Amino acid sequence: MNLEILLATSNNHKLEEFRRILAPHGITLYGMSDLNMPPLDVDENGDSYFKNAQIKLLALRKLTSLPILADDSGLELEAFPNLLGLHTSRYASQFKDQKEANESIIKLYENNFALKRDATFKCALCFSLNEGDLRYFDGKMPGFIAKNATYERGFGYDPIFISKEKSLCVASLKNEEKDAISHRGKACKKLLTYLKIKGLIK
Ligand code: ITT
């Protein structure tokens with residue numbers, strides 16, 4: 001039994017993570033370029049991660065009859081509640097590259113020992129089997145902002161995020177270790193349970 005799904009994202013790191021999480025369950029995930037679709041061009045102006053995931057998904061719903069999955073995710077900083085969150089990817093776009101964005105976050109905490117370093121990665125998934133069908137799943141990963149960045153694996157803000165569960169930087173975890181505890185991995189677990197109940201995967 002094989003289920004084919006189109007992933008509504010322009011972020012290849014997300015595509016890679018979803019593929020490694022979903023492939024063992026008999027799911028073939030297509031990126032938009034696999035279907036010769038141009039990159040997503042949508043205004044992510046929803047007031048929640050779920051709404052933004054839905055916006056990405058609905059931009060493609062009329063273009064394919066395949067089931068579609070969309071992810072909206074972000075990093076929330078307890079000490080700076082309005083800085084990232086829904087604007088997480090926009091925040092990085094004002095810097096030369098992601099590394100510079102990561103360093104800017106580390107600097108926020110330097111010399112300010114009173115600031116709480118608590119942070120949470122959040123992921124909202126929107127899934128549509130066909131037109132008219134929309135389901136939502138979410139996951140989160142609690143942790144802390146690191147004092148120094150670690151560049152080994154992962155992407156985005158992984159190098160500056162310490163997982164509470166593992167007490168290690170997420171960028172130093174093996175792929176399967178990240179997927180077992182990550183916001184995306186946890187949301188995918190809920191999606192997989194739903195797909196099993198629907199009889200779409202074993
Ligand atoms: P799409 O909208 O095309 O899916 P995007 O990268 O813009 O791609 P988001 O709007 O959901 O996606 O932005 C989420 C940002 O949060 C993303 O660009 C990363 O910088 C960061 N992020 C999300 N999940 C992450 C993870 O597992 N590890 C590190 N950073 C992550």
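Might you let me know whether the range 47-57 holds any residue that is of a type in the set (Lys, Arg) and surrounded by fewer than 13 Cβ atoms within 10 Å (Cβ to Cβ)? No; the residues of the range 47-57 include none that is of a type in the set (Lys, Arg) and surrounded by fewer than 13 Cβ atoms within 10 Å (Cβ to Cβ). Can you report the number of residues in the range 83-126 which are in contact with a His (Cβ under 7 Å, 6 or more places away or on another chain) and open to solvent by less than 20 Å² (accessible area, probe 1.4 Å)? Matching residues across the range 83-126 total 2. Is the range 155-173 home to any residue that is out of contact with any helix residue (DSSP H, G or I) (no Cβ under 8 Å at 6 or more places or on another chain) and assigned to a helix (DSSP H, G or I)? For the range 155-173, residues out of contact with any helix residue (DSSP H, G or I) (no Cβ under 8 Å at 6 or more places or on another chain) and assigned to a helix (DSSP H, G or I): present. Residue-level check: of (1) within 16 Å of the chain's Cα centre (by Cα); (2) open to solvent by 20 Å² or more (accessible area, probe 1.4 Å), ALA23 misses just (1).
So if I check each of ILE145, ILE197, ILE181, ILE201, which one is over 21 Å from PHE18 (Cβ atoms), modelled with pLDDT of 95 or more and not charged (D, E, K, R)? Spell out the reasoning first.
Numbers: ILE197 fails: over 21 Å from PHE18 (Cβ atoms); ILE181 fails: over 21 Å from PHE18 (Cβ atoms); ILE201 fails: over 21 Å from PHE18 (Cβ atoms).
Testing whether each residue is over 21 Å from PHE18 (Cβ atoms), modelled with pLDDT of 95 or more and not charged (D, E, K, R) leaves just ILE145.
Filtering the range 152-186 to residues that are more than 12 Å from the chain's Cα centre (by Cα) and among the hydroxyl-bearing types (Ser, Thr, Tyr) leaves SER163, SER167, SER172.
Scanning the range 58-82 for residues that are closer than 22 Å to TYR157 by Cα, touching a residue at least 12 places away in the same chain (Cβ under 8 Å) and open to solvent by 20 Å² or more (accessible area, probe 1.4 Å) gives SER73, GLU76, GLU78, ALA79, PHE80.
Could you tell me which of the residues LEU66, LEU60 is touching a strand residue (DSSP E or B) at 6+ places or on another chain (Cβ under 8 Å) and more than 12 Å from the ligand (Cβ to nearest atom)?
On the way: LEU60 fails: more than 12 Å from the ligand (Cβ to nearest atom).
On inspection, the qualifying residue turns out to be LEU66.
Tell me, yes or no, whether the range 54-61 has at least one residue that is polar (S, T, N, Q) and either at pLDDT 95 or above or within 30 Å of LEU200 (Cα to Cα) (or both). Before the answer, list the steps.
Filtering the range 54-61 down to residues polar (S, T, N, Q) leaves 54.
Filter once more, so that each one left must be either at pLDDT 95 or above or within 30 Å of LEU200 (Cα to Cα) (or both): 54.
Yes, the conditions are met somewhere in the range 54-61.
The values are calculated or read from the model by the stated rules, or taken from the named source; none is laboratory data. Here the structure is a predicted model, which means the values were calculated and not measured. A quick note on method: Cβ atoms are made from the backbone with ideal geometry, for glycine too, and the neighbour counts reach across all protein chains shown. To get the accessible areas, we keep the full protein, side chains included, count just its heavy atoms, and leave off ligands, DNA and RNA. Shrake-Rupley method; radii C 1.70, N 1.55, O 1.52, S 1.80 Å.
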